[in-house]
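Enquirer: Below you'll find the structure I mean.
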Amino acid sequence: MAKLGSLGARLHRGEVGYDFIKNRKIWYGISILITITAILGLAVRGLNMGIEFQGGAVFTTPKHMSTSVSQAETYATEASGHDAIVQKLGDGSLRIQIAGIDTGKSDQIKDALAKDLKVNPERINADLVGPSWGKQIANKAWEGLAIFMVLVVIYLAIAFEWRMAVAALVALIHDITITTGIYALVGFEVTPGTVIGLLTILGYSLYDTVVVFDSLKEQTKDITRQTRWTYSDLANLSINGTLMRSINTTVVALLPVAGLLFIGGGVLGAGMLNDISLSLFVGLAAGAYSSIFIATPLVADLKEREPQMKALKKRVLAKRAQAAAQGEPLEAEPTDDGYDEDPEDAAPAVVGPRNQPASRGRGRGRPSGKRR
């Protein structure tokens, strides 16, 4: 654990790190491939919408039923002509859920179930969900998601800038697409719990993204007053500086969710837990990935299209080329307190015979408080 803490401190100070920005095309390619797979899954298999969204009926039998779940599924399918989901409750009763049926035929299905299960029809409770109500719930869910997205973009545009708002929006759409695509491929039922899980993971994803953006905002303050770092350099430093925090928060959040998904839903057979746990598990992982590999590199791409950033990058590369030609190493990290206020860094570097010899400027422009 001490080694992890030491690694996190070195990442924060910029002493070690991985160049995420340089390899951004690789991450973009991976994300595009995963997103296309998710879209194909949605197009080919579609979502298994729950009874709340497409209407249907839920039948609850008396307690202490001896009929097995598989046998009850067969009875329900034969009686309704639709696929049925059967769960055995703690008191021994059966919960039979049949989606997409005409609620007017519920009494006929109930009588058929009672005959097969050998119980009195009056002892079977039926809860009906009309298709219009399910459609209304689905529309409200989409409206809530759209309002959430709009508010996120407005907040980030005000707190940071519009480029970060656009990058965060792309990352959120990326996370939603992957999560819904996994639902289509796995075939899990989509319920209101799934919608709640989606909105929850968007909050986690946004948190990770904002942490990196906040660090980037501080690092790039007065960036044009120096000629040592490009915007991409500082974006990369911001990712590395917050990397351990993102990893730790994601792992801590994933552990209980994994317990719900693999133990509660898989081992114990609590199918209702799958509705929310799968969306949380996939979404948390996708959110951590997008905040590091999508959102911040995309901000760097958008930002370096600005004329000021293009000119800065040109000056920085020229200065590095000059230093390399003169055999002078360049420092590799800015300080936490900002840039050195040395006038040499405040003015653009000039390439040509009018430059001063490197030996006369040696020692200038070092990060404050770091003498080696």
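The values are calculated or read from the model by the stated rules, or taken from the named source; none is laboratory data. Everything numeric in this text was worked out from a predicted model, so none of it was measured. Every residue, glycine as well, gets a Cβ built from its backbone with ideal geometry; the counts of neighbours run over all protein chains shown. For the accessible areas, the whole protein counts, side chains as well, though only heavy atoms, and no ligand, DNA or RNA atoms are used. Shrake-Rupley method; radii C 1.70, N 1.55, O 1.52, S 1.80 Å.
Enquirer: Out of Leu202, Leu198, which single residue is in contact with a Ser or Thr (Cβ under 8 Å, 6 or more places away or on another chain), crowded, with 20+ Cβ neighbours inside 10 Å, within 16 Å of Gly283 (Cβ to Cβ) and hydrophobic (A, V, I, L, M, F, W, C)?
Expert: None of the others qualify; the one that does is Leu198.
Enquirer: Here's something else I'd like to know. Restricting attention to region 153-162, does a residue exist that is in contact (Cβ under 8 Å) with a residue 24 or more places away in the chain, closer than 22 Å to Thr35 by Cα and out of contact with any Asp or Glu (no Cβ under 7 Å at 6 or more places or on another chain)?
Expert: no
Enquirer: Quick one: how many residues across region 215-226 are touching a residue at least 40 places away in the same chain (Cβ under 8 Å), part of a helix (DSSP H, G or I) and open to solvent by 80 Å² or more (accessible area, probe 1.4 Å)?
Expert: Of the residues in region 215-226, 2 are touching a residue at least 40 places away in the same chain (Cβ under 8 Å), part of a helix (DSSP H, G or I) and open to solvent by 80 Å² or more (accessible area, probe 1.4 Å).
Enquirer: To continue, here is another question. So which residues in region 10-55 are modelled with pLDDT under 70, aliphatic (A, V, I, L, M) and open to solvent by 40 Å² or more (accessible area, probe 1.4 Å)?
Expert: Val16
Enquirer: Which of the residues belonging to region 53-72 are among the aliphatic types (A, V, I, L, M) and without any contact (Cβ under 8 Å) to a residue 60 or more places away in the chain?
Expert: Of everything in region 53-72, those that are among the aliphatic types (A, V, I, L, M) and without any contact (Cβ under 8 Å) to a residue 60 or more places away in the chain turn out to be Met65, Val69, Ala72.
Enquirer: So, one more: Going by the conditions given, is Glu333 of a type outside the set (Ser, Thr, Tyr), modelled with pLDDT under 90, within 22 Å of Asn23 (Cα to Cα) and not in a helix (DSSP H, G or I)?
Expert: Yes; evaluated as a whole, the condition is true for this residue.
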